[in-house]
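These notes are about the structure you will find just below.
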Amino acid sequence: MASPDRFLLAAVMGWPIFQSRSPMLHNFWFAQHRLAGSYLPLAIPPERLEAALRALPALNFSGCNLTIPLKQDAMRIVDDVDITAKKIGAISCVVVRKDGSLAGFNNDWYGFTHNILEFVPDWRADHGPVVVIGAGGGARAVLYGLLERGAREIRLCNRTLARAQTLAQEFGSPVHAVPWQQRHDALEDAAMLVNTTSQGMIGQPPLDLNLDRLPKSALVNDIVYIPKETPLLAAARARGNRSVTGLGMLLHQGVPAWKAWFGIEPKVTTELRARIEATL
Ligand SMILES: NC(=O)c1ccc[n+]([C@@H]2O[C@H](COP(=O)([O-])OP(=O)(O)OC[C@H]3O[C@@H](n4cnc5c(N)ncnc54)[C@H](OP(=O)(O)O)[C@@H]3O)[C@@H](O)[C@H]2O)c1
């Protein structure tokens, strides 16, 4: 539990770090809860990650988040890795324990599922095939979240087939690797489509995916959140599919982090969302 006489500190470490909206998110919650504290963006190259993480206890940090490209490297640095983070294969959140040791967690999957549930409260991952595009770090958390919600068939399609095959092997039988050339056909009879590639992000070309085969009833989600509405989501909306933007994945993953760092459960409110969306 956060002590009122302590200045609370947390951070996000990444390389580079300039587009992160995490400081805005966490500093909003400090202000909302009237707590003295700060959340800092720290640009840390991979070769300095160990020194940076080990410095957290001495600097009185409660913990930190990790972003590209540090989520996997942190696995071999922290003292304990939670079972879910082990299954996902990445750490998104580090907690400094009372004895100064470091525990690693992954809250991205929680952010993914709670974002979908915020907009589609009756969402079920077992209502039909789910197509996931991309097989990087974000995809790992999405796959875990989908399986945790009972998904029975996941068609995993990545430009580099071998990466999709590795994930299919790791995550088990509901996940099938689909060659990139078959991505349009994979949309046939899908109940949900999730983009986890970097395509559609600001500065990147749109995701090369034709939605003609996707049923109009399918839910479409993009975990890319800059811009707020990616070309994929705009195309889905234009043809009548329900869509969920990616920002909420970032917002919701902050909730378990706060619980672990400060013993407080903050809320993802429309005011918070609007404040951050205005900057995207
Ligand atoms: N909303 C959130 O909270 C949240 C959380 C995590 C990530 N994200 C976003 O998700 C995106 C991916 O992040 P990540 O950590 O998963 O990155 P990553 O591990 O580097 O993976 C990138 C993925 O994009 C694919 N890709 C890259 N260029 C491509 C292209 N030209 N055509 C097709 N596929 C391409 C890669 O395919 P190959 O394997 O073939 O290279 C790989 O599957 C980023 O925009 C990130 O900001 C959002």
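Only alpha carbons enter this Debye calculation for the chain, each as an equal point scatterer, and the log10 of I(q)/I(0) it gives at q = 0.06, 0.10, 0.17 Å⁻¹ is -0.18, -0.51, -1.39.
When shorter helices are ignored and each DSSP H run of at least 4 residues is given -39500 (n - 2.57), the per-residue value for the chain at 222 nm works out to -9500 deg cm²/dmol.
A viscosity of 1.002 mPa s and a temperature of 20 °C, combined with the Kirkwood radius over Cα pairs in Stokes-Einstein, give a translational diffusion coefficient for region 137-280 of 131 µm²/s.
A probe of 1.4 angstrom, applied to the heavy atoms of all protein chains, finds E148 with accessible area near 100 square angstrom. Convex hull volume of the Cα atoms of region 20-80, normalised per residue: 91 Å³.
Gain on full extension, evaluated as 0.36 nm per residue between D122 and Q181 minus their Cα-Cα distance, stands at 18.0 nm. Taking the dipole about the Cα centre of the chain, with the C-beta of Lys and Arg at +1 and of Asp and Glu at -1, give me whichever of V95, A274, P256 is farthest to the positive side. Ranked along the dipole, the leading option is A274. First obtain the Kirkwood hydrodynamic radius of region 14-152 from its Cα pairs, then insert it into the Stokes-Einstein equation at 4 °C and 1.567 mPa s, and state the resulting D in µm² per second as a whole number. Answer from the Stokes-Einstein relation: 79 µm²/s. Here's the list of lysines a cross-link from K98 could span, going by alpha-carbon distance under 27 Å and ignoring same-chain residues fewer than 8 apart: K71, K86, K87, K259, K267. Cross-link partners for K228 among the aspartates and glutamates, with Cα-Cα distance under 13 Å and sequence neighbours closer than 8 places in the same chain left out: E277.
The values are calculated or read from the model by the stated rules, or taken from the named source; none is laboratory data. The structure presented is a predicted model; accordingly, all values stated were derived computationally and were not measured. Don't worry about glycine lacking a Cβ; one is built from the backbone with ideal geometry, like all the others, and counts go over all protein chains shown. To get the accessible areas, we keep the full protein, side chains included, count just its heavy atoms, and leave off ligands, DNA and RNA. Shrake-Rupley method; radii C 1.70, N 1.55, O 1.52, S 1.80 Å.
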